[in-house]
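One structure below.
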Amino acid sequence: MSKEPYRRSFAALAAILAAGVASAPARADADPERGARLYESRCIGCHSLDANRVGPRHRGVYGRRAGSVPGFDYSPALKKAAIVWDAAALDRWLANPQSLIPGQRMNFRVTAERDRADIIAFLKRESGK
Amino acid sequence: MDTSTLLRPASAIAVGRRGFLRTGAATTLSATAIALLAGCESVAGTGGDPGNDVAILNVALGLEHEAINAYQIGAESGLLQPAVLNVAVLFQSHHKEHRDALTATIRKMGGKPVAEKGKADYVTALNASSLRGQGDVLKLAARLERGAANAYLGVIPSFRDKALAQVAARLAADETMHWTALAGALSEPLPGKALGFGA
């Protein structure tokens, strides 16, 4: 029996899984108001919406290319990262920044998926998306 | 606002206003740093590649630079009552000890400590021009302290050296202590639920 059909099936499955990872939608139940409260308590130590501080300003981050805020001194790794911050990328970043972009400097992790989703919903809203 | 809850510690009085004028970071391990970092494998050179740990410590150092400058801005604002100023001096001195310990550790691990920015940069970044009274200064300090506590808690899983992770937890404890005192002064309620920090 030819192995070709199996190869095609695996290739199709791999493509579906890859597409799912690359374009995972934001959770439908994500709550930007709760995200705002989480942002205020978790992120404000280093970030602001409108000012570069220890970390870059966040307004407009959703849909923005990584490492592109003017006037912020990014790590070389982040400068050359070919990433646009959508829900999937932000989720992976907040879960484990070093895993997504080795050599980055943030290293702050938000371990709970629900918390990440709510923070991302807040950032998306504040980015006008 | 009840600033009577900001007790006047003797050590703060000893530090005094001149404490705000001290600049520069220690270049060798201070007694505080040695105590803080006892048992840290990365610092001792036995923990393998410490590269990412150095990056984490450098972000922490940037956060401490900002905290020191935030208290400096508050102290120079003329908005703080003397008793509150004394506590601010004490908290700033804690952040300076954090800064010195982090700076010395980063250097010992072969890294380059991130430099302090100019004061004008902090004034802009912290929107200091919006401060109108003592309450505004305390609210800003409380926000930054709670954020700093959560920042330290949030990087703990990323440390390669578990002893450095413990250092981050100890730094978070200091920031939480600061936040608790500031929240009390602002008459903010204590958290209704446990485990409100980090996670």
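Rule-based calculations on the coordinates, nothing more; no lab input. Computed from a predicted model, the values in this text were never measured in an experiment. In this analysis, Cβ positions are derived from the backbone assuming ideal geometry, glycine residues included, and neighbour counts consider all displayed protein chains.
Annotation: lysines with alpha-carbon distance below 20 angstrom to B:K117 (same-chain offsets under eight excluded): B:K96.
Pair-distance distribution of segment B:74-137: all C-alpha pairs, bin width 5 Å, starting at 0; shares per bin in whole percent are 4, 15, 17, 19, 19, 11, 8, 5, 1.
How big is the Kirkwood radius of segment B:126-199, worked out from every pair of different alpha carbons and given in Å to one decimal? Averaging 1/r across every pair of different Cα atoms and inverting gives 13.3 Å. Going down the list A:K80/A:K129; A:K79/B:K112; A:K79/B:K108; B:K139/B:K162, which pairs span over 30 Å between their C-alpha atoms? Pairs exceeding the cut-off: B:K139/B:K162.
Taking segment B:101-121 and a reference point 7 angstrom along Cα→Cβ of B:E76, the backbone N atoms nearer than 12 Å belong to B:118-121.
Largest first, the extents of the alpha carbon coordinates of segment A:27-126 on the three principal axes equal 35, 26, 22 Å.
Extending 7 Å from Cα along the Cβ direction at A:A88 and again at B:A194 yields two label points whose distance is 4.0 nm. Overall dimensions of segment B:48-185, expressed as equivalent-ellipsoid semi-axes from the Cα gyration tensor (√(5λ), whole Å, largest first), are 28, 16, 12.
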